[in-house]
Amino acid sequence: MPQYFRDSPESLVPDALAGFAAAHADLVAYNPDHGYFHTRHIAPARRVGLVSGGGSGHEPLHSGFLGTGMLDAACPGRIFASPHNRQIFEASRAVARADGVLHIVKNYTGDRINFGIAAERLAHEGIRCARVLIDDDLATDSDDIAVGRRGTGATLIVEKILGAAADEGRGLEDLVALGTDVTRRARSLAVAAAAHTTPQSGTPAFTLPDNVLEFGVGIHGERAEGTTPHAPLGKLVETMTDQLLAALPDSAGARVLALVNGLGSITSLELYGIRHAVAKALDDRGVGLDRSLTGTFVSALDMRGFSLTLFATDAEALRLWDAPARTPAWPL
């Protein structure tokens, strides 16, 4: 059975947080008393602090995107667990600006509850707070799922575009409207050939037969509604692309940004092959590829799989996407 390199299951996350803080001490600082990271560099025009967070195991999301042009603070929880509302409250209070703080929240019950409690506590202190909820996962787009679509790869796109807009000095309401619109125009879908390894037991979170893929897997190892045969890459990507394009709202999709994201243990060699297949699938369907980003940005521990996010672009979104950012993990 595969094992993680660690001293103990309990030490895995705190040791990683300490190591991340030391490795990127020029860009971020860690508050161990309250359990959050914050950027050391703030754009002078920024009027709203941007805060996000989620369970550990998704690195480099979110802490890897702290810095100018992106987030002000990030709150890491335990593995695949929401950060505590105390972490979020303290981080938000620390980075709030003249026009308040904006929470960028992936759509999971724990995250919604804890960010919501933190927002109530901020309101009691007179700090303005609003939320953008990320719900891009196509596999959970069903009336039978009460909480709605999960938040996955589009989180990175929202954090980048809102970060650039915040650096221009936009106010809280404008940022909420922009973030909501970006989320509305993005959809993601993930597949996996093998589950992540559970840190406590060292065993797979689930098992699959040979030559079978979990189609629509979640970033915490949530099982999909079904599986699919392990088809050639081009055919698999075509199927994913067709489903994502059909789900983009308002018949959008004439031009897109594509995020090809590794879920943990997939190789760069494979990811670039996937990117090639995505470009071909889009071209064959008459859809322009305005921008793309390829790598591991929203992982699921060591899951062997990938996700594809398509975002329907416009000139303003592309301008903000292209704006400079300096964070530990932003590649451009």
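The GNM of the chain, with springs linking C-alpha atoms under 10 angstrom apart, assigns the highest mean-square fluctuation among 290, 167, 143 to 143. If the Kirkwood radius is taken over C-alpha pairs of the stretch 264-332, then at 25 °C and 0.890 mPa s the Stokes-Einstein diffusion coefficient equals 177 µm²/s. Candidates 39, 243, 286 compared by Cα position along the dipole of the chain: farthest toward the positive end lies 39, with charges placed on Cβ.
Its Cα gyration tensor gives the stretch 6-49 an equivalent ellipsoid, and the semi-axes of that ellipsoid, as √(5λ) in whole Å with the largest first, are 27, 11, 7. Cross-link partners for residue 235 among the lysines, with Cα-Cα distance under 26 Å and sequence neighbours closer than 8 places in the same chain left out: 280. Basic side chains Lys and Arg get +1 at the Cβ, acidic Asp and Glu get -1 at the Cβ, and with that the dipole of the stretch 13-132 about its Cα centre reaches some 340 debye. Here the chain exposes an accessible surface that is 53 percent carbon and sulfur, computed with a 1.4 Å probe and the other protein chains kept in place. Solvent-accessible area per residue in the chain equals 41 Å², computed with a 1.4 angstrom probe and all protein chains kept. For the stretch 100-150, report the translational diffusion coefficient in µm²/s to the nearest whole number, using Stokes-Einstein at 37 °C, 0.692 mPa s, and a Kirkwood Rh over Cα pairs. After rounding, the answer is 277 µm²/s.
Please report how far the C-alpha centroid of the stretch 72-148 lies from that of the stretch 30-46, rounded to the nearest whole angstrom. Measuring centre to centre over Cα atoms gives 16 Å.
For the stretch 147-209, a crude dipole built from +1 on the beta carbon of Lys and Arg and -1 on the beta carbon of Asp and Glu, taken about the Cα centre, is about 380 debye to the nearest 20. Here the Karplus curve 6.51 cos²θ - 1.76 cosθ + 1.60, taken at θ = phi - 60°, turns the phi angles of the stretch 207-212 into couplings of 10, 10, x, 4, 6, 10 Hz, with x standing for Gly and Pro. Here the stretch 175-317 was treated as a single set of alpha-carbon atoms; its pair distances binned every 10 Å from 0 give 12, 41, 33, 12, 2 percent. Taking every alpha-carbon pair under 8 Å whose residues sit at least 6 apart, the chain reaches a relative contact order of 19 percent. Within straight-line reach of residue 106, meaning a Cα separation under 28 Å, sit the following lysines at least 8 residues removed in sequence or on another chain: 160. For the chain, what is the mean residue ellipticity at 222 nm derived from helices alone (per DSSP H run of n ≥ 4: -39500 (n - 2.57); sum divided by total residues; nearest 500 deg cm²/dmol)? Mean residue ellipticity at 222 nm (helix-derived): -10000 deg cm²/dmol. Roughly what would the spin-label model give for residue 10 and residue 34, points 7 Å off Cα along C-beta, in nm? That separation, rounded to one decimal, is 2.7 nm. Taking the DSSP bridge list for the chain and keeping only pairs wholly inside it, about 55 percent are antiparallel. The mean of 1/r over all distinct Cα pairs in the chain, once inverted, gives the Kirkwood hydrodynamic radius of 19.9 Å. Using the Karplus relation 6.51 cos²θ - 1.76 cosθ + 1.60 with θ = phi - 60°, the per-residue 3J(HN,Hα) values for the stretch 127-141 come to 9, 5, 8, 9, 9, 10, 9, 8, 9, 9, 6, 5, 5, 10, 7 Hz, with x marking Gly and Pro. An ellipsoid equivalent to the stretch 33-115, defined through the eigenvalues of its Cα gyration tensor, has semi-axes of 20, 13, 11 Å when rounded to whole angstrom and sorted largest first.
The values are calculated or read from the model by the stated rules, or taken from the named source; none is laboratory data. Since we're looking at a predicted model, the values are computed, not measured. No Cβ is skipped: glycine too gets one built from the backbone with ideal geometry, and neighbour counts run over all protein chains shown. Protein only, heavy atoms only, side chains kept; ligands, DNA and RNA dropped before computing areas. Shrake-Rupley method; radii C 1.70, N 1.55, O 1.52, S 1.80 Å.
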